[in-house]
Amino acid sequence: MLNVKAYLKPDTVQSAYEMGQIPGSLYVSGGLMVAQLKISNVERIVDLKSVGLTHIEDHSDVFKIGANVKISDLISNPYLANLNGDLLKNSIKEIGSTQIRNMATLGGSIAFKLGWSDIITIFMILDSNLEIYDGEFSKISLQEYVKKSPKGVIITEIEVPKSGGIAVFEKFAKSNFDIATLNLGLKVVLDGQIVKDACVVVGSRPMVSQRIKEVEEFLIGKQLNGITKDACDLMERVVQVGSDIRASAEYRKALSRFLLDKALRRV
Amino acid sequence: MKVTIKINGKVQSVEIEPGEMLLETLRRLGYKGVKHACSTASCGACSVQIDGKPVLSCTTFTAAVDGHEVMTIEGFSDENSLSDIQKALIEEGGSQCGFCIPGLVVTSEALLRENPNPTRQEVIDYLKGNLCRCTGYESQTLAILKVAKERQSK
Amino acid sequence: MKTLIQEKLNVVNTSIEKVDGKALVRGKPVFTDDFDLPNTLTVKILRSPHAHAIIKSIDTSKAMIEGVACILTYKDVPHVIYTRAGQGYPEPSPYDTFVLDRKVRYVGDGVAIIAAENQSIAEKAMKLIKVDYEILPSILDYEHAMDKDAPIIHDELEISGAYDPKRNIAAHYEMEIGNVEEELKKCDYVVDETYHTPNQSHAMMEPHGAISYFDPNGRLTVISSTQVPFHARRIIKRIFGVNCRVIKPRIGGGFGGKQALHVEPYVVAVTLKTGKPAKCIYSREETMTASNTRHAMRFRARAGAMKDGTLVALELWGLSNTGAYGEHALTVFMVGGSKTLPLYNKVKAVKFGGDVVYSNTEPAGAFRGYGAPQGMFPIDSILDELAYKIGMDPIEFKLKNSIREGETSPIFKIMGEGREGVDQIINSCKIEECAVNGAKKFGWYEKRKRPRIDPERQIAHGYGVAFAMQGSSIPAIDMGGATIKMNDDGTFNLLVGATDLGTGSDTILAQIAAEVLHTKVEKIIVYSSDTDMTPFDKGAYASSTTYVSGNAVKKAAERMKVEILKAASEIMNKPTHTLELDEDSVVSEDGDTLSFGDLQTKLFYTFNQRQLEVTESFVSEVAPPPYLVSFAEVEIDLGSGKVRVVDFLNYVDCGVPINPVLAKGQVEGASAQGIGMALFEDHMMDKNGRLITDDFFNYKIPARGDIGSIKVRFARSYEPTGPFGAKSVSEIGLDTPGPAIANAIFDAVGIRMRKLPIKSEDLFFEIKKKGL
């Protein structure tokens, strides 16, 4: 039980935002974060689920996904599930458990910018943009969003461009049912044998997911065959990682190499 | 505040605190089969179905369930009979202390509805959020696979 | 499943469904937290944020808000020293604990008891209690507990039974047979290494909890999630001077964690103070931080052997961490030797000893295996290391030196539970069958011919074996009682103090009674563990229920049979030797039958009126060990060091399994916990001594899918002193995973991991060092 005075269910994003501006308010969607945050001074809960935003729209060049879409529903749209070589279809099952995927929403999984979020890594590889509301609607790339700390904003929609290429997600965890010790996403766009474009993201470092530009640049213009070792060496050199109870920084570096190796083999 | 929830087929109007969790509400209403074991969404003992989908009642606000349908373990069998899953768990030795079993049964029912013919790996993947400290899991996996097979042959 | 046995049996050795199974799978309200009494106060405990401190002052005045019934501090509870350990009396554990004390000795130690109308009020009040602490230097690393400048954790005057509290030594033990030092000099091969086993949380799914209330007649009653209701009653009496009734409902797992008093004194203190029912259910965090953990141990092991594979000498010298209080300190440590070393009874010299020290960490206590897993890890590992040095197959080496039927070990006599033990000749030991058939079933010899490392996939496979023994009860100490009462509907009440905590003991005890009485399990109505209703039983620990309580039930049933035959002889007017029991009836040679129902009906109302009821007790003079050989196949990712147990085969000699499915479940569950201890579970503290791994989010017990397949096979064995040939089975499965997995890792990559848990990180850096 949270000792709060009110549980509010706004009808619109605008009214939700206004409610959220009052000190002591907490936005919830799936509700799971309540277990994670040791909340003490919350007085009212603003339930964002009541504003809807559960759409998955297939546009010509993007998918538009409502922030309140449950993780388990992300693969309900087969075209979205199959995007970039079945990225979502293959990776969603790595996240949490059945119950957690039935509760957690896409927006909620991003909003708290948790280091160990698999969702942030996965959607960062997809080059996603967010629609946010802070009095007015605006767009921001997911990459920018996690770097900045826009306070009190509401994520309303996630936009996933239909870019080409094959993407894979790799997760290393101590147990089958644990958050990642390190996670990694890789997307490559090939032109024949040559890498035309690449996106490499490492998460649960334990800091929030980050693109590894050096490795991306290294991959671009090269043939995939035979570059694994050099790419992994580079990854281990440049990745910025830290220590926590799950692993030391040194081990995380080794894991970044291990996961990149696995990912490169898969694509 | 007041919410209306359909619990195991029966519509109930319940007075709740705004910050109350579904686990607390259900236990207060006498659905003691819903178990409290962790509070961190890490064990699955409190699993119930909301609108047919297994979720964790320890981290679900009751206020958010207003107007929805909840199924607890109490809704899956009556005094006279056990469900096939419950029966199989007993037969295979999948229930020792029994504390994790209500959550497991509720989740397994959803599994077999969504995927009537799961592979061993699919059973394990679907139920990985349901911890058990007694059995080592093997007997539970066998029980679920057995039920799937039985239901298929019917 | 059915295994071969020597007697013709109808009920025993069949996989009868658990008698409490239906209630449990339906989620019936059978656990402590499921009982709601009107006007019950919610009890919460304010806990110390410091590892070692004196309470200079404590002010509860601001916390006495509306809805708070009472707040109790050390000033308000009896200043009686005791041990939380639920053991036979007098306990071999030191008296070093108060319900609340002026000194706190670990992060989580109790400071105040708050009782309020509901949880929110209790939590609010808790925040309003002002405590001024004088923080003392602390010992967080038990390996430094005996340092010269170490603070003294137990300086209270009242302490008794601790070995040397001024030096933080709770217990000390040593013994030697022969002369290890001299024998090692003569050996062709000697290994001398140090091994560590970790703290481990029981992580039973049901947290600790208790309720206390006065019944309508004013008798104090405690419903408790306990493995030891009779010990709980005795200890409550010691602390509060009050007689009470302790009821054990269904228990959601214990594994030794509930073989101690955790919550009972708090609720009893509140009920005695307020007269009201009081309920306290621990949160997961409290269960993890403020109850018990497995004793972490460090052993220096030395072993020597000859070229021909004869093991000559074996020594374990250890240090055990009992944490802030000395629960089970001496006995767990001794079991590290007493239930492991007799397995290798052919040595010329053997030595065991060391210290159990206090530290400012969570108190350690009983945990399935009770020291044997901690002892078996170094013993089996060092024998594996020796086997490789000699160039012998480890199965062959271990088998050559292990105990056999008809043999004994002097250790049985020398080492008991906190005192001298008892002599015993081994009547049943099928370790050879376990090893030989197990190796065949596992494919040991074929698998060991395979290449271990797959350079393409960067994966290594390895195969390891471990041997273990345990005991069945604590001989000459453990007593169990059973009462059987006959009813006029042909059923029997079986009243036992034995404590079913999920193990299925109610079921197997019913099977034993049904077998003797020629009836079905459905006709045996089991009621277990209620100190006002059932006869005494020591409780569920030390692998004793099947053996001790089972023998008590068998004795009681046999006497009931005599009583039935006697009464039937009177009613039927035929001599007893012409009568027999058969299918719920008494049958005479000449074909007359009298059903049990009719017999007791006549005795109730019309003929020689009396209630047939018997009570029997059983104490064992011996503790026949079960034996186990386990085979592990591991798969190691060379790029991450992650180890996966692909296959784990247990070949076990537990005598005749009374209920094969339940016996198998005991071994599978113990294996899983052992795999958890070997690979997953780790206690991590911050620099102030606060446990960080205090919930299931950070403390990872093996999840579904973390373990490949666990298999169990039973050897054909019969223990003549056991009920229908049975021995114990619940603990032994935890002894082998640690060494079997470590041995398999060595087999795969040539790296010896001597510290549990084997973390992928640590193994990875070893692999890298080796250049694999």
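The values are calculated or read from the model by the stated rules, or taken from the named source; none is laboratory data. Everything numeric here is computed off the predicted structure, so don't read it as measured data. All Cβ positions, glycine included, derive from the backbone under ideal geometry; neighbour counts span all protein chains shown.
Things worth noting here:
- First in the stretch C:187-212 and within 12 Å of chain B (Cβ to nearest Cβ), second anywhere and aliphatic (A, V, I, L, M) and in a strand (DSSP E or B), Cβ under 7 Å, 6 or more apart: C:Pro207/C:Ile281; C:Gly209/C:Ile281
- Complete set of residues in the stretch A:198-227 that are assigned to a loop (DSSP other than H, G, I, E, B), modelled with pLDDT under 95 and surrounded by fewer than 15 Cβ atoms within 10 Å (Cβ to Cβ): A:Asn225, A:Gly226
- Index of the failed condition, C:Leu679 passing every other in (1) more than 9 Å from chain B (Cβ to nearest Cβ); (2) without any contact (Cβ under 8 Å) to a residue 40 or more places away in the chain; (3) surrounded by 24 or more Cβ atoms within 10 Å (Cβ to Cβ): (2)
- Among the candidates B:Glu150, B:Glu114, residue that is more than 14 Å from chain A (Cβ to nearest Cβ), surrounded by fewer than 18 Cβ atoms within 10 Å (Cβ to Cβ), acidic (Asp, Glu) and over 12 Å from the mean Cα position of the chain (by Cα): B:Glu150
- In the stretch B:1-30, the qualifying residues are those that are at the interface with another protein chain (Cβ under 8 Å from one of its Cβ atoms) and touching a residue at least 40 places away in the same chain (Cβ under 8 Å), and the one that is surrounded by the fewest Cβ atoms within 10 Å (Cβ to Cβ) is B:Met1.
- In the stretch B:128-140, the residues that are over 15 Å from C:Val25 (Cβ atoms) and either touching a strand residue (DSSP E or B) at 6+ places or on another chain (Cβ under 7 Å) or within 13 Å of chain A (Cβ to nearest Cβ) (or both): B:Lys128, B:Gly129, B:Leu131, B:Gly136, B:Tyr137, B:Glu138
Residues checked against (1) within 30 Å of A:Ser243 (Cα to Cα); (2) within 14 Å of chain C (Cβ to nearest Cβ):
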{"residue": "A:Val160", "(1), (2)": "no, no"}
{"residue": "A:Phe169", "(1), (2)": "yes, no"}
{"residue": "A:Ser175", "(1), (2)": "yes, yes"}
{"residue": "A:Leu186", "(1), (2)": "yes, no"}
{"residue": "A:Ile194", "(1), (2)": "no, no"}
{"residue": "A:Val208", "(1), (2)": "yes, no"}
{"residue": "A:Gly221", "(1), (2)": "no, no"}
{"residue": "A:Asn225", "(1), (2)": "no, no"}
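- In the stretch B:58-75, the residues that are at the interface with another protein chain (Cβ under 7 Å from one of its Cβ atoms) and of a type in the set (Val, Ile, Thr) reach residues that are assigned to a helix (DSSP H, G or I) and surrounded by fewer than 24 Cβ atoms within 10 Å (Cβ to Cβ) with C-beta atoms within less than 7 angstrom, at least six apart or across chains, in these pairs: B:Thr59/A:Val34; B:Thr59/A:Ala35.
- Condition met for B:Glu79 (touching a residue at least 24 places away in the same chain (Cβ under 8 Å) and either within 19 Å of C:Arg26 (Cα to Cα) or more than 10 Å from chain C (Cβ to nearest Cβ) (or both)): no
- The residues of the stretch C:692-716 that are more than 29 Å from C:Phe631 (Cα to Cα), out of contact with any His (no Cβ under 8 Å at 6 or more places or on another chain) and more than 7 Å from chain B (Cβ to nearest Cβ), listed by number, are C:Ile692, C:Asp694, C:Asn698.
- Among the criteria (1) facing another protein chain (nearest Cβ under 9 Å); (2) closer than 30 Å to C:Thr287 by Cα; (3) of a type outside the set (Gly, Ala, Ser); (4) in contact (Cβ under 8 Å) with a residue 24 or more places away in the chain, the one C:Phe764 does not fulfil is (2).
- If the condition is being surrounded by 15 or more Cβ atoms within 10 Å (Cβ to Cβ) and more than 30 Å from B:Gly136 (Cβ to Cβ), then the stretch C:194-222 contributes C:Ile211, C:Ser212, C:Tyr213, C:Phe214, C:Leu220, C:Thr221, C:Val222.
- Against the numbered list (1) under 22 Å from C:Gly252 (Cβ atoms); (2) in a helix (DSSP H, G or I); (3) not charged (D, E, K, R), B:Phe99 comes up short only at (2).
- Within the stretch A:145-191, being closer than 18 Å to A:Tyr79 by Cβ and β-branched (Val, Ile, Thr) holds for A:Ile158, A:Val160, A:Ile166.
- Residue check for B:Glu109: acidic (Asp, Glu), in a helix (DSSP H, G or I) and closer than 21 Å to C:Gly665 by Cβ: no
- Of the residues C:Gly161, C:Gly108, the single one that is on the phi > 0 side of the Ramachandran plot and either buried (at least 23 other Cβ atoms within 10 Å of the Cβ) or in contact with a His (Cβ under 7 Å, 6 or more places away or on another chain) (or both) is C:Gly108.
- The set of residues in the stretch C:242-271 that are within 14 Å of another protein chain (Cβ to nearest Cβ) and of a type outside the set (Gly, Ala, Ser) comprises C:Lys248, C:Pro249, C:Arg250, C:Ile251, C:Phe255, C:Lys258.
- Residue that is at pLDDT below 95, crowded, with 24+ Cβ neighbours inside 10 Å and on the phi > 0 side of the Ramachandran plot, where the choices are C:Ala476, C:Ala542: C:Ala542
- The condition of being β-branched (Val, Ile, Thr), under 16 Å from A:Ile158 (Cα atoms) and at pLDDT below 95 holds for only one of A:Ile56, A:Ile71, A:Ile65, A:Ile75, that being A:Ile75.
- Qualifying residue in the stretch C:730-739 (condition: within 20 Å of the chain's Cα centre (by Cα), in a loop (DSSP other than H, G, I, E, B), more than 14 Å from chain B (Cβ to nearest Cβ) and under 30 Å from C:Ile135 (Cα atoms)): no
- Within the stretch C:660-676, residues that are within 8 Å of another protein chain (Cβ to nearest Cβ) sit with their Cβ atoms under 6 Å from residues that are among the acidic types (Asp, Glu) and buried (at least 24 other Cβ atoms within 10 Å of the Cβ), at 6+ positions apart or across chains, in these pairs: C:Glu668/B:Glu138.
- Enumeration of residues in the stretch C:581-596 that are farther than 11 Å from C:Thr519 by Cα and charged (D, E, K, R): C:Glu589, C:Asp590, C:Asp592
- Within the stretch A:167-197, considering residues that are part of a loop (DSSP other than H, G, I, E, B) and touching a strand residue (DSSP E or B) at 6+ places or on another chain (Cβ under 7 Å), the one nearest to A:Ala254 (Cα to Cα): A:Thr181
- Annotation: of all residues in the stretch A:196-206 being of a type in the set (Val, Ile, Thr) and farther than 15 Å from A:Arg246 by Cβ, the one that is nearest to the chain's Cα centre (by Cα) is A:Val201.
- Test: C:Asn199 is assigned to a loop (DSSP other than H, G, I, E, B), out of contact with any Leu (no Cβ under 7 Å at 6 or more places or on another chain) and closer than 24 Å to C:Phe98 by Cβ: yes
- So C:Ile403, is it closer than 25 Å to C:Leu649 by Cα, in contact with a Phe, Trp or Tyr (Cβ under 9 Å, 6 or more places away or on another chain) and either without any contact (Cβ under 8 Å) to a residue 24 or more places away in the chain or of a type in the set (Val, Ile, Thr) (or both): yes
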